[in-house]
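Participant: Questions regarding the structure given below will be posed in turn.
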Amino acid sequence: MDEMFLHYIWKFQKLSGKLKTTCGQAIIVISPGNHNHNSGPDFEEARIKISDIEWAGKIEIHINSSDWHVHNHHTDKAYESVILHIVWNHDNEVLLDGTPIPTLEVKDLIDKSEYKKYQVFINQNKDILCQDQLLNVSTLSFTNLLDRMMVERLEQKAEEILELVNSKNSDWEEVTYLSLAKNFGFSVNKDPFFNMASSIPYKVISKNNSHANRIEALIFGQAGFLEGVIDDYHQELKKEYQFLMSKFNLQSKMERSMWKFGRMRPSNFPSVRLAQFAALIHKNDHLFSKLTEIEDPNEILAQFEFKVSDYWVHHYDFEKARNKKGGNMGRASVDNLIINTIAPLLSAYSIYSDNSFFMDKAIRLLEVLSAESNSITKKWTAVDREPKSAFDSQSLIGLYKNYCSKRRCLDCSIGVEILGR
């Protein structure tokens, strides 16, 4: 038996026959409660009547009653408000404060054919289990699912940002600066980028932001790229950096060896990304304030139209010249930054300020960006669900990562619709 299937049976009340506790007391379900996908009991705010007494509280579901102790629920206060323990097999009495927890054993209350149908479906050798039935799913149903996936994905990304907000005493400008830095490194250099930015307080950046060469000096210096003497521009930045490092008492300078260059095209070298980051920061002092004030998503995109300094137009590293001019960030990379930094920042601020306006702004922003193309979105395109915008691609990525790849079909409205036919 699959515990997820038991969740589905309880959530949609697919139990047959009269419900009784293992002690023989009649159970009437007033409300099965809200399915909890986070830590704690499986259903919250449930209401049931046992004999003549109405109970309100939480419900926990297990395969065996003994799993209560296997999962150490007896030591967790979050489970003290459980009003009903639902199990496939009642193999052990569970006590709470010395009193047995009301238990419902369901192995004789479930249609076995329905479980067999579920097993056949869930054990298919496909990336997207419902791909053959998707054409029979209405556009409205699929659109509603994508809307829910989008909010869920933004909220998940917002959690990490809110942790950073808490650690930075709610300094949203600092958080924006650090979040951008992390995503400038993409997957390969995200940690070195974040460490570099963390070593330069944003207030130092802001005080020097009217001078592009100072921002470059601070960033390349703290990143460990200004050791030795390479060329005239390198020497110029080094002199500026040594002055600024002493003036602002900067610590924790990195080593260049901490940055990864291997198996990379020159346009993606960390030296190029650092120059691009410096250009964006120089153009946008107090970027977070701009993001919250601008209403038109296209004006937000305009904040990311920036040009690197002339040296980086002609070089991809110090003393390493380009064959042709370049250095500026491509459209796909800019979109990636907005998708993975700016939209989550706005959604995090929406949660922080309890103002849905900023969540709506994040969603509108994704709607004007082009859809991403990667291994996951290609899976959806192959089953005639091609994303039309970044809103679609982010929703489909979230759907695949959080549901399809984990076989969580019974937590997906489309999966429930298909299995319930």
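The values are calculated or read from the model by the stated rules, or taken from the named source; none is laboratory data. Note that the structure is predicted; figures quoted are calculated from it, not measured. Every residue, glycine among them, receives a Cβ derived from its backbone with ideal geometry; neighbour counts consider all protein chains shown.
Participant: Quick one: count up the residues across region 348-373 that are in contact with a Lys or Arg (Cβ under 7 Å, 6 or more places away or on another chain) and in a helix (DSSP H, G or I). Working first, answer last.
Facilitator: Kept after step one, since they are in contact with a Lys or Arg (Cβ under 7 Å, 6 or more places away or on another chain), are these residues of region 348-373: 371.
Now narrow it down to the ones that are in a helix (DSSP H, G or I): none.
Within region 348-373, residues that are in contact with a Lys or Arg (Cβ under 7 Å, 6 or more places away or on another chain) and in a helix (DSSP H, G or I) number 0.
Participant: Among what's in region 254-275 and is assigned to a loop (DSSP other than H, G, I, E, B) and in contact (Cβ under 8 Å) with a residue 60 or more places away in the chain, pick the residue that is farthest from Ala217 (Cα to Cα).
Facilitator: We begin by selecting, within region 254-275, every residue assigned to a loop (DSSP other than H, G, I, E, B); these are 254-255, 259-265, 269.
In the following step, the residues that additionally are in contact (Cβ under 8 Å) with a residue 60 or more places away in the chain were identified as 254, 259-260, 264.
Values: Met254: 14, Trp259: 17, Lys260: 20, Met264: 24 Å.
Filtering first and then ranking leaves Met264.
Participant: What tally of residues in region 33-46 results from selecting those that are assigned to a strand (DSSP E or B) and either surrounded by 19 or more Cβ atoms within 10 Å (Cβ to Cβ) or in contact (Cβ under 8 Å) with a residue 60 or more places away in the chain (or both)? Outline the logic, then answer.
Facilitator: Within region 33-46, the subset assigned to a strand (DSSP E or B) is 34-35, 43-46.
Subset that is either surrounded by 19 or more Cβ atoms within 10 Å (Cβ to Cβ) or in contact (Cβ under 8 Å) with a residue 60 or more places away in the chain (or both): 35, 43, 46.
Result for region 33-46: 3.
Participant: Taking region 313-330 as the search range and keeping residues that are within 15 Å of Leu274 (Cα to Cα) and small (Gly, Ala, Ser), which one is surrounded by the most Cβ atoms within 10 Å (Cβ to Cβ)?
Facilitator: Gly327
Participant: Please verify whether region 55-74 includes one or more residues that are loosely packed, with under 13 Cβ neighbours inside 10 Å and acidic (Asp, Glu).
Facilitator: no
Participant: Going residue by residue through region 24-32, is there one that turns out to be under 23 Å from Gly420 (Cβ atoms) and outside any strand (DSSP E or B)?
Facilitator: Within region 24-32, one or more residues are under 23 Å from Gly420 (Cβ atoms) and outside any strand (DSSP E or B).
Participant: Let me ask something else about it. Any residue at all in region 299-309 that is more than 28 Å from Ala362 (Cα to Cα), without any contact (Cβ under 8 Å) to a residue 60 or more places away in the chain and buried (at least 16 other Cβ atoms within 10 Å of the Cβ)? Give the derivation first.
Facilitator: Quick first cut of region 299-309, residues more than 28 Å from Ala362 (Cα to Cα) only: 309.
Remaining after also requiring without any contact (Cβ under 8 Å) to a residue 60 or more places away in the chain: none.
Looking for residues that are more than 28 Å from Ala362 (Cα to Cα), without any contact (Cβ under 8 Å) to a residue 60 or more places away in the chain and buried (at least 16 other Cβ atoms within 10 Å of the Cβ), one finds none in region 299-309, hence no.
Participant: While we're looking at this one, here's another question. Residues that are of a type in the set (A, V, I, L, M, F, W, C) and within 20 Å of Asn34 (Cα to Cα): find the strands (runs of 3 or more DSSP E) completely inside region 47-134 holding 2 or more of those. Even if it seems obvious, please write down each step before you answer.
Facilitator: Numbers: elements: 53-64, 82-89, 103-105.
Counting at least 2 such residues, we get 53-64, 82-89.
Participant: What are the residues in region 57-98 that are aliphatic (A, V, I, L, M), in contact with a Gly (Cβ under 9 Å, 6 or more places away or on another chain) and under 18 Å from Val29 (Cα atoms), if any? Can you show your working first?
Facilitator: Step one: of region 57-98, the residues aliphatic (A, V, I, L, M) are 59, 61, 63, 70, 78, 82-84, 86-87, 94-96.
Keeping just the survivors that are in contact with a Gly (Cβ under 9 Å, 6 or more places away or on another chain) gives 59, 78, 82-84.
Ile59, Val82, Ile83, Leu84 - these are the residues of region 57-98 that are aliphatic (A, V, I, L, M), in contact with a Gly (Cβ under 9 Å, 6 or more places away or on another chain) and under 18 Å from Val29 (Cα atoms).
Participant: Can you find a residue that is assigned to a loop (DSSP other than H, G, I, E, B), of a type in the set (A, V, I, L, M) and more than 29 Å from Tyr118 (Cβ to Cβ) anywhere in region 388-409? So that I can check it myself, show each step before the final result.
Facilitator: Taking region 388-409 first, the residues assigned to a loop (DSSP other than H, G, I, E, B) are 388-389, 405-408.
Adding the requirement that they be of a type in the set (A, V, I, L, M) leaves none.
No, region 388-409 has no match at all.
Participant: Still on this structure: Are there any helices (runs of 4 or more DSSP H) wholly within region 146-253 with 2 or more residues that are in the same structural domain as Asn355 (by TED's automatic domain parsing) and crowded, with 19+ Cβ neighbours inside 10 Å, and if so which? Show your work before the answer.
Facilitator: Numbers: elements: 172-184, 190-198, 202-207, 212-222, 232-247.
Answer list for region 146-253: 172-184, 190-198, 202-207.
Participant: Right, here's the next one. Right, Asn209: closer than 29 Å to Ala362 by Cβ and touching a His at 6+ places or on another chain (Cβ under 9 Å) or not? Walk me through how you get there before you give the answer.
Facilitator: Numbers: closer than 29 Å to Ala362 by Cβ: yes; touching a His at 6+ places or on another chain (Cβ under 9 Å): yes.
Yes: the conditions hold for Asn209.
Participant: Okay, moving on. If we keep just the residues of region 126-145 that are polar (S, T, N, Q) and more than 24 Å from the chain's Cα centre (by Cα), which is surrounded by the fewest Cβ atoms within 10 Å (Cβ to Cβ)? Full working, then the answer.
Facilitator: First, pick out the residues of region 126-145 that are polar (S, T, N, Q): 131, 133, 136, 138-139, 141, 143-144.
Cutting the leftovers down to more than 24 Å from the chain's Cα centre (by Cα) gives us 131, 133, 136, 138-139.
Numbers: Gln131: 17, Gln133: 15, Asn136: 10, Ser138: 10, Thr139: 7.
Out of the qualifying residues, it is Thr139.
Participant: Among (1) modelled with pLDDT under 95; (2) surrounded by 19 or more Cβ atoms within 10 Å (Cβ to Cβ), there is one condition Leu366 misses while meeting the rest; what is its number?
Facilitator: Condition (1) is where Leu366 drops out.
Participant: In addition: So is Ala348 buried (at least 16 other Cβ atoms within 10 Å of the Cβ), at pLDDT 95 or above, over 19 Å from the mean Cα position of the chain (by Cα) and among the hydrophobic types (A, V, I, L, M, F, W, C) or not?
Facilitator: On the way: buried (at least 16 other Cβ atoms within 10 Å of the Cβ): yes; at pLDDT 95 or above: yes; over 19 Å from the mean Cα position of the chain (by Cα): no; among the hydrophobic types (A, V, I, L, M, F, W, C): yes.
Judged against the criteria, Ala348 is not a match.
Participant: Would region 1-19 turn up any residue that is assigned to a strand (DSSP E or B) and of a type in the set (Ser, Thr, Tyr)? Show your work before the answer.
Facilitator: Going residue by residue through region 1-19, those that are assigned to a strand (DSSP E or B) are none.
For region 1-19, residues assigned to a strand (DSSP E or B) and of a type in the set (Ser, Thr, Tyr): absent.
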